[in-house]
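This report concerns only the one structure given below.
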Amino acid sequence: METAAREFQFTCSEKRVIDTLGEMDILKSLGHPEEIINLFKYKIGGCRSVMPKLDYDSMTETLRTCYSYLNQTSRSFSAVIQALDGELRHAVCIFYLVLRALDTLEDDMTIPLEKKVPLLHDFHSFLYQPEWSFTESREKDRQVLEDFPTISVEFRNLGQEYRDVISDICHRMGAGMAEFLEKKVASMKEWDKYCHYVAGLVGIGLSRLFSASQLEDAEVGRDTELANSMGLFLQKTNIIRDYLEDQQQGRAFWPQEAWSQFASRLEDFAQPQNLSSALSCLNLLVTDALRHVPDVIAYLSRLRNQSVFNFCAIPQVMAIATLSACYNNPQVFQGVVKIRKGQAVTLMMQATNMGAVQSIIAQYSQEILQKVSITDPSREQTLCVLNLIGEKSVSRAALTPRAHHISPVCVSAAMILAALSWQYLNATAGPAGGADMQGH
């Protein structure tokens, strides 16, 4: 499983979302007119309000290479990293690549445990060894290990306040990864511990970097409990959503304490005859993930820098939208659950202030509430946590309804208009827009 980097890589905030938009994405959003409007806004340059273009010409050759690796290895977060202000941008970029290298090492099943465990424990020390690299990996992102000297030299070029944070988090994460190499996630408490190692520590490290940059108050970096919850919320959402993918690749991250209440084996949930039990377990885990949302709201409320706020808020609203899509959804056990690209773009463009974030959280909490079955075993716990979230977010009465009725005639007209308009935009915009998003 992608572990440490997975907290960074929340799928729905993909930098490539624009590069792959097309007529089908417009059609999927026909029932949501605001999404269609935002898709067009984003296509013609609205993305720059959230993710401005980065100046690569002023960088050293090794730093440009690091950003190239960032674009190659991050399916999702490279653009919002590059939108961070000042020197924090480079620190977070290097932090990401160091954790990506550590994660690639941990993921590589071809490395024997007797060799992998010491490497994980010692990995933080390689940051100060200019010539260290690892050429025995077979993972797709192995270039960050093979060319680790390029990353480590830029690490050593960072200020001491950033190096101390990155080295410390790398040390603690490597030890945590080694602990869980031969250990399954059994209890709910161990699920929290595993998610802390691979994602909570990322949240803690990022928060300390924010404070070290002086773009945020020192309290942001000191409050490790809230920072940990930021990471756990994203990680648990990924684990819940990726049940089938993980099962197909022989991985298991749903805690035994949860799934054993409903099945004798975790893989049984993929069988159609076990759907009812599968949904009960799914809803229990979604409820557990939702308990972190009040901490997420408290954390985001402290942020003052706009680029840091966008960086933190966008993945969180994507996460609650994904949890809403997953809740009580059989598709989790049959395929891939994704939110619409129009939905993702709308969230990216809206989640730029605390009021909007609270409204989004309240909206998706309401959507989950409407899906809670009277017979669901976790019903009371779910209602309790949703009520708590409601107390922390804005009144639902102030929210814009997401459901719209559109007549068949309007649908047909919209389909034709959308297709023609999209073809026109693609023809006039050319490839330059896509190149900008790739950061070249």
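Along region 301-308 the Karplus relation, 6.51 cos²θ - 1.76 cosθ + 1.60 evaluated at θ = phi - 60°, assigns HN-Hα couplings of 5, 7, 6, 10, 7, 5, 5, 5 Hz to successive residues, with x for each Gly and Pro.
Rounded to the nearest 20 debye, the dipole size of region 222-292 about its Cα centre is 80 debye, using +1 on the Cβ of Lys and Arg and -1 on the Cβ of Asp and Glu. Computed from backbone phi with θ = phi - 60° and the Karplus coefficients 6.51, -1.76 and 1.60, the 3J(HN,Hα) list for region 208-222 is 5, 5, 4, 5, 4, 6, 6, 6, 10, 5, 4, 4, 4, x, 7 Hz; x is used for glycine and proline.
Peptides 112-123, 173-184, ordered by how many other C-beta atoms sit within 10 Å of their residues on average, highest first, read 173-184, 112-123.
Projecting the Cα atoms of Gln350, Val293, Gln316 onto the charge dipole of region 274-359, computed from C-beta unit charges around the Cα centre, puts Gln350 farthest toward the positive end.
Taking 0.36 nm per residue of separation and subtracting the current Cα-Cα distance, fully stretching the chain between Asp164 and Lys184 would add 4.1 nm.
Computed extension gain for Gln306 through Leu113, at 0.36 nm per residue and net of the alpha carbon distance, reaches 65.1 nm. The phi-based Karplus calculation (6.51 cos²θ - 1.76 cosθ + 1.60; θ = phi - 60°) puts the 3J(HN,Hα) values of region 377-391 at x, 9, 3, 5, 5, 5, 4, 5, 6, 5, 5, 5, 4, x, 5 Hz, whole numbers, x for Gly and Pro.
Which links in Lys140/Lys341; Lys115/Lys184; Lys193/Lys371; Lys115/Lys236; Lys341/Lys371 stretch past 24 Å when you go from one Cα to the other? In this structure, Lys140/Lys341; Lys193/Lys371; Lys115/Lys236 lie more than 24 Å apart at Cα.
Under the rule a/c < 1.5 gives rounded, and otherwise a/b versus b/c splits prolate from oblate, where does region 213-277 land using the Cα gyration tensor? The shape class here is prolate. The distance separating the Cα centre of region 143-159 from that of region 200-234 comes to 23 Å. Region 57-116 and region 318-367 have Cα centres spaced 26 Å apart. The length gained on full extension between Asp268 and Lys371, counted as 0.36 nm times the residue separation minus their Cα-Cα distance, comes to 34.7 nm. Between Lys338 and Gln261, the simple spin-label model (points 7 angstrom out along Cα→Cβ) gives 3.2 nm.
Mind running the shape call on region 152-285? Use the C-alpha gyration tensor, a ≥ b ≥ c as the square roots of the eigenvalues: rounded below 1.5 for a/c, prolate if a/b tops b/c, oblate otherwise. Verdict is prolate for region 152-285.
Bear in mind these aren't lab numbers, they're just calculated from the coordinates by the rules spelled out. Nothing here was measured: the structure is a model prediction, and the numbers come from that model. Don't worry about glycine lacking a Cβ; one is built from the backbone with ideal geometry, like all the others, and counts go over all protein chains shown.
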